[in-house]
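To start, the structure under review is shown below, and the notes come after it.
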Amino acid sequence: MIPKIENSKTSEEGCCSISSELKSHHSSKVKQNLVSRLNRIEGQIRGIKKLIERDTYCDDVITQISASQAALNSVARILLEAHMKECVVERLQDGDLEVLDEVLVTIHKLMKK
């Protein structure tokens, strides 16, 4: 069992820093991957809006909505994986066991959808 260390701080080079607020510090490669995916999703959403404005057949719109949801889920999985491998590991190494409860809540939120 890892002992809890009060007021622990994670280095600035790591994923999450603990100060007045938590911040992630993912690599530029991970950030660019996430931003690229989100840009595509943003385009998909604009496309869905246009389909609705053009009175496109409902089934076709629903198919596009489903594809957008799948793309968002993919972004969430990538971010969760990076979070687990970087932020959570660092916080556990610093003795912060509260991070486990945070991760469980996050996973629960993802599974509700």
TODO: May I ask you to list pairs of residues, at least six apart or on different chains, whose Cβ atoms are under 9 Å apart, with the first in region 60-78 being polar (S, T, N, Q) and surrounded by 12 or more Cβ atoms within 10 Å (Cβ to Cβ) and the second being at pLDDT 95 or above and not in a helix (DSSP H, G or I)?
DONE: 64/56
- [ ] Among the residues of region 35-44, write down those that are of a type in the set (A, V, I, L, M) and surrounded by 15 or more Cβ atoms within 10 Å (Cβ to Cβ).
- [x] 41
TODO: For region 35-57, indicate whether the set of residues that are within 25 Å of residue 104 (Cα to Cα) and in contact (Cβ under 8 Å) with a residue 60 or more places away in the chain is non-empty.
DONE: no
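Could you please give the count of residues in region 40-81 that are among the acidic types (Asp, Glu), assigned to a helix (DSSP H, G or I) and at pLDDT 95 or above? If you could, list the steps in order and put the result at the bottom.
If we filter region 40-81 for residues that are among the acidic types (Asp, Glu), which is where we start, we get 42, 53, 55, 59-60, 81.
Now restrict to residues that are assigned to a helix (DSSP H, G or I): 42, 53, 59-60, 81.
Among the residues that remain, those that are also at pLDDT 95 or above are: 42, 53, 59-60.
Qualifying residue count, region 40-81: 4.
The values are calculated or read from the model by the stated rules, or taken from the named source; none is laboratory data. The shown structure was predicted, so the numbers you read here are calculated from the model rather than taken from an experiment. Cβ sites come from the backbone with ideal geometry, for glycine too, and all protein chains shown count toward neighbours.
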